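*Asks:* First the structure, then my questions, so here it is.
The values are calculated or read from the model by the stated rules, or taken from the named source; none is laboratory data. What you see is a predicted model; the values in this text were computed from it and never measured. All Cβ positions, glycine included, derive from the backbone under ideal geometry; neighbour counts span all protein chains shown.
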Amino acid sequence: MKKPSYLKVYEAVKEQIVNGVIKVDSRLPTEPQLARRYNVSIGTLRRGLEYLEREKYIRREQGRGTFAQLPAGGHSEIASAQHDFGFGCALTMRFQKELNELYFADQPYKQFTLPSPAEKPPLNSEIWQKCSLVQLPMIMFRLPELNNYLAPLPEDFTREAEKVVPENILNECRSIDGQLRLIPTVANPAVCYCWKPGFAKAGLPLPGHQQSNWTEFLDITRKLSHANNIPGFGVMPFPGLLYEILLWSFGGDFYDNYGIPWLPADAFENMIGLLRTLYREHICYNPFGQAVTEHQFFNNPKFCMTFYGALGLPVIEKPDEWNICPVNAFSNSPTATTVIGLGISTHAPDARKSLDLLARIFIDKREELLSRFTGAAPAALDALDLWSGRQKVSGIESFKYSVLKSRPLSGRTGYANWYADVYSIIDEAAKNLLDLKSARKQILDILAERRVRYNDITILT
């Protein structure tokens, strides 16, 4: 499956930093030099570097250049060679250090950054084979390259998960034979963050759980923009939270129930039409392609509301200025939820220790550990209740409401292989840089090329 060029740049540089090939605090070559090295355009290179900066693998110093670094709590795989328990991360979260402290306590471990399973199938990858416990985003779980890698979990895990994890999430963690192979620990739904001073200045009540529609959403956005002299709505750095929800609400989807590319023309036209209205009237702030942090978004507001997940909570310096409501206050569609889970390798070097760790995390101390997550909402409802009680932003109960009515971003259709390029095309069409017919054709071509073909999958679909 073809991978976007900027992701190849991102993964190549990240792997070299993590493995110590590029030394921490060393200066990277100039952008033109890197572009020539990876045979990409400057624009493509900058997009890859943007993701590295967002995940804190590089930093830019004005007048000096770009330097390599490891995220807080990041482990160089050379420097941590004394640890023998392999923990693999196919997705390293923003607050991974805090998560690891909860997961492992004082137990030694070695964290690996796992290569893309599409590039290096786990059963043929030395790094994947070193891992006993792995952390996977749900969008990767059903990739055919992961077939036979994750072991079925014992019945006590299944029974416990069925008690506390919503079925709409748990279903995505089962293989075709019905066995649970991934324990969902994080479920981050998109919710609507509302800046209270902006709503007050516009004389508008804060949205609640009442259901309205996108026409009312546009009306609210216009009033917020005119009263505050800033866009009423802001698209966060991951625009899929908006694009997926819009497409679903207009009765469309990227694939049908059989995994065939779909994208009905009327739903796509309605989605792009609403986005074009937002941009044409200058009532939407979109930093897509820019390195904008959550801290900048929430503490120096350039907008009055946005759709985002739990990552916004830890960076808000004035929680009394923000309120959270469900996204489906504006739509009858489910909200999009990012799910991340833990699984055990079929050939885990330390299978017993993996089971003990997973039991400690999810059975023995689930509420205590998961409720202390930073920048992530627990997938287990009992832990989510405790977690919500620790947050300071009003309307925090919207996370539980949203999880129960959510639709997880799933790997059934190979989402991890196509979403970045598809969202980029949607962004161009929304800004009138691409006509509707061409945009839809390009998206359908990508979906056809990179979809998961069900007859190739024997276990995970």
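*Asks:* Could you tell me which numbered condition R360 fails, if it satisfies all but one of (1) under 18 Å from the mean Cα position of the chain (by Cα); (2) closer than 20 Å to E101 by Cβ?
*Replies:* Failed condition: (1).
*Asks:* Of the conditions (1) over 28 Å from Q442 (Cα atoms); (2) in contact with an Asp or Glu (Cβ under 7 Å, 6 or more places away or on another chain), L247 clears all except one; give me its number.
*Replies:* (1)
*Asks:* Something else about it: Can you confirm whether L274 is within 14 Å of L447 (Cβ to Cβ), at pLDDT 95 or above, surrounded by 17 or more Cβ atoms within 10 Å (Cβ to Cβ) and not acidic (D, E)?
*Replies:* Against the criterion (within 14 Å of L447 (Cβ to Cβ), at pLDDT 95 or above, surrounded by 17 or more Cβ atoms within 10 Å (Cβ to Cβ) and not acidic (D, E)), L274 does not qualify.
*Asks:* Okay, moving on. For the range 115-129, give me each residue that is surrounded by fewer than 19 Cβ atoms within 10 Å (Cβ to Cβ) and either free of Cβ contacts under 8 Å to residues at least 24 places away in the same chain or among the basic types (K, R) (or both).
*Replies:* K120, N124, E126
*Asks:* Sticking with this one: Tally the residues that are touching a strand residue (DSSP E or B) at 6+ places or on another chain (Cβ under 6 Å) and of a type in the set (V, I, T), restricting the search to the range 117-141.
*Replies:* Count: 2.
*Asks:* Let me ask another. Six or more apart or on different chains, Cβ atoms under 9 Å: show the pairs whose first residue is in the range 10-35 and of a type in the set (S, T, Y) and whose second is part of a loop (DSSP other than H, G, I, E, B).
*Replies:* Going by the 9 Å Cβ cut-off, the qualifying pairs are Y10/E55; Y10/Y57.
*Asks:* Can you tell me which residues in the range 392-436 are hydrophobic (A, V, I, L, M, F, W, C) and in a helix (DSSP H, G or I)?
*Replies:* Across the range 392-436, the qualifying residues are F399, V403, L404, A416, W418, A420, V422, I425, I426, A429, A430, L436.
Yes/no matrix, rows are residues, columns are (1) in a loop (DSSP other than H, G, I, E, B); (2) of a type in the set (S, T, Y); (3) not assigned by TED's automatic domain parsing to the domain that holds I220:
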residue	(1), (2), (3)
G252	yes, no, no
D266	no, no, no
Y279	no, yes, no
Q296	no, no, no
P301	yes, no, no
T306	no, yes, no
N323	no, no, no
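*Asks:* Scanning the range 103-114 for residues that are buried (at least 19 other Cβ atoms within 10 Å of the Cβ) and in contact (Cβ under 8 Å) with a residue 40 or more places away in the chain, which turns out nearest to L358 (Cα to Cα)?
*Replies:* Going through the qualifying residues, I end up with Y103.
*Asks:* Does P314 satisfy being assigned by TED's automatic domain parsing to the domain that holds S125, in contact (Cβ under 8 Å) with a residue 12 or more places away in the chain and either more than 21 Å from I220 (Cα to Cα) or not small (G, A, S) (or both)?
*Replies:* no
*Asks:* Have a look at E216, E119, E162 and point out the one that is in the same structural domain as D364 (by TED's automatic domain parsing) and either among the polar types (S, T, N, Q) or in a helix (DSSP H, G or I) (or both).
*Replies:* On inspection, the qualifying residue turns out to be E162.
*Asks:* Within the range 177-192, identify whether any single residue is at negative phi, crowded, with 24+ Cβ neighbours inside 10 Å, in a loop (DSSP other than H, G, I, E, B) and touching a helix residue (DSSP H, G or I) at 6+ places or on another chain (Cβ under 9 Å), and answer yes or no.
*Replies:* Yes; the residues of the range 177-192 include at least one that is at negative phi, crowded, with 24+ Cβ neighbours inside 10 Å, in a loop (DSSP other than H, G, I, E, B) and touching a helix residue (DSSP H, G or I) at 6+ places or on another chain (Cβ under 9 Å).
*Asks:* Name every residue in the range 193-213 that is in a loop (DSSP other than H, G, I, E, B) and either touching a residue at least 40 places away in the same chain (Cβ under 8 Å) or in contact with a helix residue (DSSP H, G or I) (Cβ under 7 Å, 6 or more places away or on another chain) (or both), in order of residue number.
*Replies:* If the condition is that a residue be in a loop (DSSP other than H, G, I, E, B) and either touching a residue at least 40 places away in the same chain (Cβ under 8 Å) or in contact with a helix residue (DSSP H, G or I) (Cβ under 7 Å, 6 or more places away or on another chain) (or both), then A202, L204, L206, P207, G208, H209, Q210, Q211, S212, N213 are the ones that fit.
*Asks:* Specify which of the listed residues (I245, I230) is in the same structural domain as I425 (by TED's automatic domain parsing) and assigned to a loop (DSSP other than H, G, I, E, B).
*Replies:* I230
*Asks:* Follow-up. Which one of these does L342 not meet: (1) assigned to a helix (DSSP H, G or I); (2) of a type in the set (A, V, I, L, M, F, W, C); (3) at pLDDT 95 or above?
*Replies:* (1)
*Asks:* Looking at (1) at pLDDT 95 or above; (2) closer than 22 Å to Y243 by Cα, which one does P378 not meet, given that it meets all the others?
*Replies:* Only one criterion in (1) at pLDDT 95 or above; (2) closer than 22 Å to Y243 by Cα is unmet by P378, namely (2).
*Asks:* Could you check L386 against (1) in a helix (DSSP H, G or I); (2) outside the structural domain of L136 (by TED's automatic domain parsing) and say which number it fails?
*Replies:* So the condition that L386 fails would be (2).
*Asks:* Which numbered condition in (1) more than 24 Å from I139 (Cα to Cα); (2) surrounded by fewer than 18 Cβ atoms within 10 Å (Cβ to Cβ); (3) not aromatic (F, W, Y) is the only one that T346 fails?
*Replies:* Among (1) more than 24 Å from I139 (Cα to Cα); (2) surrounded by fewer than 18 Cβ atoms within 10 Å (Cβ to Cβ); (3) not aromatic (F, W, Y), T346 violates only (1).
*Asks:* Given L204, L146, which one is surrounded by 18 or more Cβ atoms within 10 Å (Cβ to Cβ) and out of contact with any Asp or Glu (no Cβ under 8 Å at 6 or more places or on another chain)?
*Replies:* One residue alone meets the criteria, L146.
*Asks:* With respect to P197, is the statement that it is buried (at least 23 other Cβ atoms within 10 Å of the Cβ) and at pLDDT 95 or above true?
*Replies:* So P197 fails the test.
*Asks:* If you scan the range 95-130, which residues turn out to be out of contact with any Ser or Thr (no Cβ under 7 Å at 6 or more places or on another chain) and closer than 19 Å to R372 by Cβ?
*Replies:* Q96, K97, L99, N100, E101, L102, Y103, F104, A105, D106, Q107, Y109
*Asks:* Of everything in the range 212-239 that's small (G, A, S) and surrounded by fewer than 19 Cβ atoms within 10 Å (Cβ to Cβ), which residue is farthest from Y285 (Cα to Cα)?
*Replies:* It comes out as S212.
*Asks:* Additional query: Taking I363 and the conditions (1) farther than 21 Å from L133 by Cα; (2) surrounded by fewer than 21 Cβ atoms within 10 Å (Cβ to Cβ), which numbered condition does it fall short on, given that it satisfies the others?
*Replies:* Going through the list (1) farther than 21 Å from L133 by Cα; (2) surrounded by fewer than 21 Cβ atoms within 10 Å (Cβ to Cβ), I363 breaks only (1).
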